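The values are calculated or read from the model by the stated rules, or taken from the named source; none is laboratory data. Remember, predicted model here, so these are calculated numbers, not experimental data. Heads up, the Cβs are rebuilt from the backbone with ideal geometry, glycines too, and the neighbour counts pull from every protein chain shown. When the accessible area is computed, the model is the full protein with side chains, heavy atoms only, and any ligands, DNA or RNA have been set aside. Shrake-Rupley method; radii C 1.70, N 1.55, O 1.52, S 1.80 Å.
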Amino acid sequence: MEQLINGLIITGMLMVVFLGLYFTMQFEPDGDQPEKNAIPDLETLSGQVRQLINESINKDMSELNISQEEAKRREQLRNRLKRAVRTCMNGDFGEKEFLKDYIRDILQKRCGINEFSINEVIAFTQPSKMSAMDQFDILLYLYEKRFRMEGFKKLCKAYGLDLPKENERGVYYQITAKDVREVYRKESPSLRYMDKLNILTDRIYSRFGHGCIDRLRDQQVDGCLGGYSGLPYDVYNYLDEMTTGGAKIEKKYAHDSIHVVLHGITIHMKFMSFGSPQELIRVTRALVRYDAPFEMTRNRPRIVNDMKDGCRVTAVRPPFAETWAFALRRFDSAPAELKDLYREDGQEMLCIYIRYLVRGGAHIAVCGPQNSGKTTLMKALLYHINQSYHLRVGESVFELWMRKLLPEQNILTIRDTDSVGLKEGLELLRKTDGNCLMLGEVAELEIAALAVELSKVSEQQILTNHSTSEDELIAYFKEAQMRTGTFSDERMAEEAVAKAFQIDIQTARNVETGHRYIKSVSQIIVRDWEDKSYDGTLRENLNLFFERMTKQRMYTVRKLVEYREGRYIFQNEPDYRLLEKLKNHLSEKDSVAFTDFLSMECNQNTVQEGVGA
């Protein structure tokens, strides 16, 4: 009996083993397909790639049994890889592409990624399992393939993602996860293996670069903002817990805040997130790292710096700000030609007028609120400056990049540094044989006072300022003269400022639509008291005396062009003094053409006024 029981037990065990072997053989995957669960998720895969890259960088070549020539080649590759990892986040496109190629190679050769297993990392074949960020990356990748750096702009235009939305508080701009999923459903993209591999490579590279905004910042957008909305991470609202009975409620924190500025419109990318406060901090530090004058610390919590590709980055951190945050601004997203910046009726007349004012050597202030297109307009004016002039440019950080636009022109640009301030640098520029001085964003009283002084020795001066009217412009620079002690008399200071600026171009932007335009082009004319003598009646002489003695403005404003009801309208020609100066600086051919232009516009204006009457 005992032997029978043992025999049955042994038989049962053999049957179990046999069945196990049978099912194993029956469901064993084909040799060209990956094993199930062999591929990790995206986060784990990113960690594996970083570990493999670190191993390659830290490998000791002397331990390898290879030839001297092969060791030298590998050492060069290692140094190249080390440099790419260190500098790819600086705005260096070449280093970025090298590292992406290296990651792409690792994924296929070391991490088992192939046309089957890649779908386990990102569910390319199952849209319902993809996140909105996954779908957006695919859409942006495909539009970037077709339109290059205009991909995001074309995507927004195709599906109205940049159109305003409205709630009880008014108009706002926002792209939500629902919007992305709807666009993805309509596009229904079909991806090849290499497309999937490139998208996966971009996602993993973003851990080395600028996180989830890495590809967005390379697009033709005005800029990107991070950390500008949502709660600081350590905020705890006891009232929320009481009102919800202790239930967990969804909150948006600073690291969930990403905005893109496109054509002057700030769009909240609500479906995007850095994922953690640590990632927001890492990206912020990476953005300001290139040639930074100092490291951001609690004692130095703010910085303005430029990147290798010309972007300007402003970053802040606690305790100065409530959260870590950055504002990245691109200066190559808008057309460089003046005629391409403004599309309204009358833009041809506007551009011709401005071109002659610039070419004629007028001193010009380009003014307006933030994000109204001042820097873009100033760069466009560069093409119309007398090409024989020596340009001297002063900036707080490099933004204009004039040599990239006109590499053959005589140009020298300086910026503010810890060791040499902008004021000291501008003093030095006096001794560099310059004809035209250009100043980007005059926002300090000391620099404003110096700009007025330098206008006396510059054949031409062009600058930008945040004033929103001619009176504000004069008042700001007059205050600078008074505060710095250059003048003690207000009237004398005001007269000096009025002489410094002959033309004021006021830029503007519609806050709701982002539409940028030139509000007006005006001439600032110094009152010529010497033209008036006491040869009139007693009453006229008394009026003239009191007019001079009272604090009346030392200048008048003449509108040359105004923007009204969607079109640019010619108003006046310059006064005889400025007109004479312009013609003296223009070539004979341009002088005749400018005279004919003014004559034609004045005649048309007279006819239109007659019809209106």
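Arg104 meets all of the listed conditions (1) among the basic types (Lys, Arg); (2) within 30 Å of Arg285 (Cβ to Cβ); (3) surrounded by fewer than 19 Cβ atoms within 10 Å (Cβ to Cβ) but one, namely (3). Look at Asp309 and say whether it is closer than 19 Å to Gly223 by Cβ and surrounded by fewer than 18 Cβ atoms within 10 Å (Cβ to Cβ). Judged against the criteria, Asp309 is a match. If you go through the stretch 268-289 and keep only what is open to solvent by 10 Å² or more (accessible area, probe 1.4 Å), in a loop (DSSP other than H, G, I, E, B), farther than 18 Å from Val304 by Cβ and not small (Gly, Ala, Ser), you end up with Lys270, Phe271, Phe274. Taking the residues in the stretch 135-181 that are closer than 18 Å to Cys212 by Cα and assigned to a strand (DSSP E or B) as candidates, determine which candidate is least open to solvent (accessible area, probe 1.4 Å). So, considering only residues that are closer than 18 Å to Cys212 by Cα and assigned to a strand (DSSP E or B), the one least open to solvent (accessible area, probe 1.4 Å) is Ile175. Would it be correct to say that Leu338 is under 26 Å from Asn510 (Cβ atoms), of a type outside the set (Asp, Glu) and touching a residue at least 12 places away in the same chain (Cβ under 8 Å)? The answer is yes for Leu338.
Of everything in the stretch 441-483 that's of a type in the set (S, T, N, Q) and more than 21 Å from Gly361 (Cα to Cα), which residue is most open to solvent (accessible area, probe 1.4 Å)? Break it down into steps so the answer makes sense when it comes.
Of the stretch 441-483, the ones of a type in the set (S, T, N, Q) are 455, 458, 460-461, 464-465, 467-469, 481.
This time we only want the ones that are more than 21 Å from Gly361 (Cα to Cα), so: 467-469, 481.
Details: Ser467: 6, Thr468: 50, Ser469: 35, Gln481: 3 Å².
The qualifying residue most open to solvent (accessible area, probe 1.4 Å) is Thr468.
For the stretch 342-357, filtering for residues that are touching a residue at least 60 places away in the same chain (Cβ under 8 Å) and part of a helix (DSSP H, G or I) leaves 8. On the stretch given as the stretch 554-571, residues that are out of contact with any helix residue (DSSP H, G or I) (no Cβ under 7 Å at 6 or more places or on another chain), in contact (Cβ under 8 Å) with a residue 40 or more places away in the chain and in a loop (DSSP other than H, G, I, E, B) total 1.
Counting the residues of the stretch 190-222 that are more than 30 Å from Ile53 (Cα to Cα) and open to solvent by 30 Å² or more (accessible area, probe 1.4 Å) gives 2. Per the listing Gly360, Gly434, the residue uniquely in contact with a Leu (Cβ under 8 Å, 6 or more places away or on another chain), open to solvent by 10 Å² or more (accessible area, probe 1.4 Å), farther than 24 Å from Ala493 by Cβ and among the small types (Gly, Ala, Ser) is Gly434. The criterion of at least 2 residues that are more than 22 Å from Phe208 (Cα to Cα) and in contact with a Leu (Cβ under 7 Å, 6 or more places away or on another chain) is met by none of the helices (runs of 4 or more DSSP H) wholly inside the stretch 33-130.
Hey, does the stretch 68-86 have a residue that's in contact (Cβ under 8 Å) with a residue 60 or more places away in the chain, within 29 Å of Arg289 (Cβ to Cβ) and either loosely packed, with under 12 Cβ neighbours inside 10 Å or out of contact with any Lys or Arg (no Cβ under 6 Å at 6 or more places or on another chain) (or both)? Scanning the stretch 68-86 turns up at least one residue that is in contact (Cβ under 8 Å) with a residue 60 or more places away in the chain, within 29 Å of Arg289 (Cβ to Cβ) and either loosely packed, with under 12 Cβ neighbours inside 10 Å or out of contact with any Lys or Arg (no Cβ under 6 Å at 6 or more places or on another chain) (or both). In the condition set (1) crowded, with 19+ Cβ neighbours inside 10 Å; (2) modelled with pLDDT of 90 or more; (3) small (Gly, Ala, Ser), Ala508 is compliant with all but (1). In the set (1) buried (at least 20 other Cβ atoms within 10 Å of the Cβ); (2) part of a strand (DSSP E or B), the condition left unmet by Ala327 is number (1).
Any residue in the stretch 405-414 that is open to solvent by less than 20 Å² (accessible area, probe 1.4 Å) and modelled with pLDDT of 90 or more?
yes
Answer with yes or no whether Arg217 is closer than 29 Å to Pro277 by Cβ, modelled with pLDDT under 95 and touching a Leu at 6+ places or on another chain (Cβ under 9 Å). Yes, satisfied.
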